[in-house]
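Undergrad: One structure follows; several queries about it will come next.
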Amino acid sequence: MKMTVIDGSVLSQCAEGDRNNGRQYEIMALVHRSNPPRYFTEMAIKTVSTTPFDDQKPGTSGLRKQVPTFQKPNYLENFVQATFDSLDDYQGKTLVLGGDGRYFNRPAIQIILRMAAANGVGKTLVGQGGILSTPAASCLIRKYDAFGGIVLSASHNPGGPEGDFGVKYNVSNGGPAPEKVTSAIFEHTKSISEYQITDTEDIDLDELGTKQVGEMTVEVVDSVADYAELMEQLFDFGKIRKLLEGNFSMCMDSMHAVTGPYAKAIFEQALGAKAGTVTNGEPLEDFGGGHPDPNLVYAHDLVKVMFAEDAPDFGAASDGDGDRNMILGNNFFVNPSDSLALIAANATLIPGYKDGLSGVARSMPTSQAADRVAKKLGIDCYETPTGWKFFGNLLDADKITICGEESFGTGSNHVREKDGLWAVLFWLNVLAERQQSVEEIVTEHWKEYGRNFYSRHDYEGVDSAKASELMDGVRSQLSSLPGQKLGDYTVEYADDFSYTDPIDGSVSEKQGIRIGFTDGSRMVFRLSGTGTQGATLRLYLESYEPDESKHNVDPQAALKPLIKLADETAKIKELTGRDEPTVIT
Ligand code: G1P
Ligand code: ZN
C-alpha cells in the first residue's frame, strides 16, 4: 500500500524502509499521537468492489427511494461514488453536507463523510446533528464557496424505516445539479465497479467544532445561524417584530420536520413571537408518522386552527426539508401560484428587493398569475419545466429575481433553492407594511389583475403502465387538437412542453402536456418525477376571470367544466380506476 506523508521527512524515510512489511500502522499511530492533524496515510482508505444498480436515475429532485432500498449493501455508496466520479476539480475543496433529519440521515452522513474523505474532499461542513434545511444548505454552499453540497432528503415524502429517503447533489451556485450533471451521475451508476471509503470511526455530529475523518477536516456547524443571518439581511426584522409583539397572532406548523429549530430561532427568539407560535417544532425521524407536505390535506393540524372561529391572523407550514411553504390567513387559503404573483407585486416593500426585480419565472404548470404582474411591471416572465434546477441559470445570469412553482415553492436570488421560511418572512414583512389582512391583500390583488382560478389534482400510486398509456393517449391527440371545440372551449395550442434554456441552450423535452384554450384556460398533464411507488398523475387546471363580481367562487366549482373535459380527453377515471384524485390542492 502506498503511504502519503504530508509533512515530516523522518516519517517518509521510515515509511520507505518499512513499506509493505506490516509496520506502517505502528509508525502512523505513533506520529498521530504526537501531531494528529498533520500526518495522514492513505492506508486507511479501502477500495470496495461493487456492482451497478439499474435504478439510480435522479428524478425531479435527486435520487429518491424507500429507506430499505437505500439500506441495501452498497446502494448509497454506489450513488455517492458515482457523484464524485462525475465531478472534476473538487480535490481539497469544501463540501456541504446535511439533511432533513429523517430516518437514515445520520448513518448516511457517516458513510458520506468517510467516502468524501476517501475521494479527496478537503473539508466538509456538516450541520449539527446532521441537520440542514435545503435552503440552509444552499446558503452555506454559497457563503463558504463550497464546490457543492449533498442534501439528504425526500422533501415532503413520509419518512421512517419504511418511508422515503433521498440524496441530491447541489452545485457551487448552491442549486440542484443541472441535467447534464445528473445525467453524468446516472451514467456512472451504470458502470460502477468500486468505491472508496475510509476505515475510520463515526464522528460526533452533535458537538460543534472541527474534527478529522482521514485527511479531511469536518466542521460541525450550527444548522441555523448563517441562514438566520441571511434572512435578517433581506427583511425588516424591526417591523416584523413590532407586528408580532402587537395583537397580531400567528401559527407556524413545522410538521415535525427540519424547520422546527429554524422557525423557533427566527420567529420566537429573533422576532419576539409568543412561545408556542411554532408547532410540531421538534424534527422527528418519521415526522411523527405524518406526511410533511404543507397543503390543505396533509397540514391538517394547522388547517384546523386556521379555519376555526377564533383563528389566528396568519398561518404557515413548511415541508420535510424546509423548501416548501403554505400560507393561510384567518379562514383563508392562499394558492401558491397567487402567492408567487403577490410576492412579485409587493417586492419593493421589502428591504432586500426595494430596487425592483430583474424578472420572474414560474414552472410551466404554475398559474399565469405571475405573468400578469410581470407584464404590469414591464419585466420578463420565464416559463420553465417543473423542478427548481431550471431556475438556476436564470438566477445566476440575473434574468430573474423571484421564481416559484405551484407546488408550494417560492424563492429568490438569495439562495438557489426554494425557501419555505423565506416565503413566510416575506408575507410577514408585507403584512407589517400594509397593515391589512391576508384575505384583503389577496382579494385586492385579484381586483387589480383578475383571478386565475387554479387547482392541481393528483392521482397517486397509479399503475405505471396505465399512467404511460394515459399520457400516450393524450399525446396522440396533440396534432389534431388545435382549433377543435371541446365543450365551451376552443383549443388554441396543444403540445408536449419543451424548454430551451436561454443561458446554456440545453433542451429539455417532454416536460408535460399542455392544452391551452383561446380564453387563456389551460389543462396540463404530467407524471411526477419524485414519487417512489408506481406513478403519480398530476392534472393542473387553470381558468382566468377578470370580472371581480365572480371572484368569490370555490376554485373546484369554477374549474368544473375543465375537470370534466380533462377526464374526457385523458380517460382518467377509466385508466386509473379512480373516481377521485388522491389529493386536491
Ligand atoms: C414535485 C413538484 C415540483 C417540485 C418537486 C420538488 O415534483 O411538482 O414542482 O419542484 O416536487 O419539490 P414532481 O413530483 O411533480 O416531479
Ligand atoms: Zn421539499
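The values are calculated or read from the model by the stated rules, or taken from the named source; none is laboratory data. This is a predicted model, so every value here is computed, not measured. In this analysis, Cβ positions are derived from the backbone assuming ideal geometry, glycine residues included, and neighbour counts consider all displayed protein chains. What goes into the accessible areas is simple: the full protein's heavy atoms, side chains included, and nothing from ligands, DNA or RNA. Shrake-Rupley method; radii C 1.70, N 1.55, O 1.52, S 1.80 Å.
Undergrad: At 1.4 Å probe size, what's the solvent-accessible area of TRP388? Round to the nearest 10 Å².
TA: 10
Undergrad: Between the helical axis of 75-85 and the dominant principal axis of the chain, each derived from Cα atoms, what acute angle in degrees is found, rounded to the nearest 10?
TA: The angle comes out near 80 degrees.
Undergrad: Residue by residue through the range 122-139, what is 3J(HN,Hα) from phi via Karplus (6.51 cos²θ - 1.76 cosθ + 1.60, θ = phi - 60°)? Round to whole Hz and write x for glycine and proline.
TA: These are the phi-based 3J(HN,Hα) values: x, 8, 10, 9, 10, x, 4, x, x, 8, 8, 5, 4, x, 5, 4, 4, 4 Hz.
Undergrad: Please compute the contact order of the range 97-148 in relative form: average sequence separation of alpha-carbon pairs under 8 Å and at least six residues apart, divided by the residue count, as a percent. Show your work: numbers first, answer last.
TA: Details: 39 pairs, mean separation 26.2, N = 52.
That works out to 50 percent.
Undergrad: Using Cα-Cα distances under 8 Å and only pairs 6 or more residues apart, what relative contact order does the chain have, in percent?
TA: Normalised by residue count, the contact order of the chain is 12 percent.
Undergrad: Would you mind working out the accessible area per residue for the range 221-306, using a 1.4 Å probe, and quoting it in Å²?
TA: Numbers: 3530 Å² over 86 residues.
Using a 1.4 Å probe on heavy atoms only, each residue of the range 221-306 averages 41 Å².
Undergrad: So, one more: Take the alpha carbon atoms of the range 519-566, find their center, do the same for the range 309-368, and report the distance between the two centers in whole angstrom.
TA: 19
Undergrad: Taking Cα atoms, how many degrees apart are the long axis of helix 24-34 and the longest axis of the chain, rounded to 10 and kept between 0 and 90?
TA: Value to nearest ten degrees: 80.
Undergrad: Continuing with the same structure: Tell me, what HN-Hα J-couplings in whole Hz come from the Karplus equation 6.51 cos²θ - 1.76 cosθ + 1.60 at θ = phi - 60° for each residue of the range 46-53, using x for Gly and Pro?
TA: 9, 9, 10, 6, 8, 10, x, 9
Undergrad: Separate question: Aspartates and glutamates within cross-link reach of LYS239: Cα-Cα under 18 Å, excluding same-chain residues under 8 positions apart?
TA: Within the straight-line cut-off, LYS239 pairs with GLU229, GLU268, ASP313, GLU433.
Undergrad: Now for a different question. Show the residues, 5+ positions off or on another chain, whose built amide H is closer than 5 Å to the amide H of GLU492.
TA: It is GLY483, GLY516, PHE517, THR518, by chain and number.
Undergrad: Could you size up the charge dipole of the range 53-121 around its Cα centre, putting +1 on the beta carbon of Lys and Arg and -1 on that of Asp and Glu, and report it in debye to the nearest 20?
TA: In total the dipole reaches around 320 debye.
Undergrad: Another question about this same structure. Heavy-atom accessible area per residue, the range 407-462, 1.4 Å probe: how many Å²?
TA: Normalised by residue count, the accessible surface of the range 407-462 is 25 Å².
Undergrad: Taking the mean number of other Cβ atoms within 10 Å as a proxy for protection, how do you rank 531-543, 557-569 from highest to lowest? Could you put the intermediate results ahead of the total?
TA: Numbers: 531-543: 21.3, 557-569: 16.6.
Top of the packing list down: 531-543, 557-569.
Undergrad: Hey, can you grab everything whose amide H is under 5 Å from the amide H of LYS46? Only 5+ residues off in sequence or another chain; H modelled, so Pro and N-termini drop out.
TA: Counting only residues 5 or more places away or on other chains, the set is ILE197, THR198, ASP199.
Undergrad: Okay, moving on. Rounded to the nearest 10 degrees, what's the angle between the helix 179-191 long axis and the longest principal axis of the chain, both from Cα atoms, 0 to 90?
TA: Orientation of helix 179-191: about 50 degrees from the principal axis.
Undergrad: Here is a follow-up. Considering amide H positions built from the backbone, and no H for Pro or chain starts, which residues 5 or more places from ASP380, or on another chain, come under 5 Å of its amide H?
TA: VAL360
Undergrad: Grab the DSSP H runs of the chain that are 4 residues or longer, score each as -39,500 (n - 2.57), total them, divide by all residues and round the 222 nm result to the nearest 500 deg cm²/dmol.
TA: Result for the chain, helices only: -9000 deg cm²/dmol.
Undergrad: Follow-up. Work out from phi, with θ = phi - 60° and the Karplus expression 6.51 cos²θ - 1.76 cosθ + 1.60, the ³J(HN,Hα) of each residue of the range 390-406, listed in order in whole Hz, and give x for Gly and Pro.
TA: 3J(HN,Hα) across the range 390-406, in whole Hz: 6, 7, x, 4, 5, 5, 4, 8, 6, 7, 9, 10, 10, 8, x, 10, 5.
Undergrad: Place the peptides 363-371, 485-493 in order of packing, highest mean first, counting for every residue the other Cβ atoms within 10 Å and averaging per peptide.
TA: The most tightly packed comes first, giving 363-371, 485-493.
Undergrad: Something else about it: Determine the share of the chain's accessible area contributed by carbon and sulfur atoms, expressed in whole percent, with a 1.4 angstrom probe.
TA: About 47 percent, which is the carbon plus sulfur part of the accessible surface.
Undergrad: A further question follows. Quick one: putting +1 on the C-beta of Lys and Arg, -1 on the C-beta of Asp and Glu, what dipole do you get for the chain around its Cα centre, in Debye to the nearest 20?
TA: Value, rounded to 20: 520 debye.
Undergrad: Here's something else I'd like to know. Strictly over 19 Å apart at the Cα level, which of LYS168/LYS399; LYS389/LYS510; LYS65/LYS143 would you flag in this model? Intermediate values should be presented prior to the final figure.
TA: Values: LYS168/LYS399 25 Å; LYS389/LYS510 16 Å; LYS65/LYS143 30 Å.
Result: LYS168/LYS399; LYS65/LYS143 exceed 19 Å.
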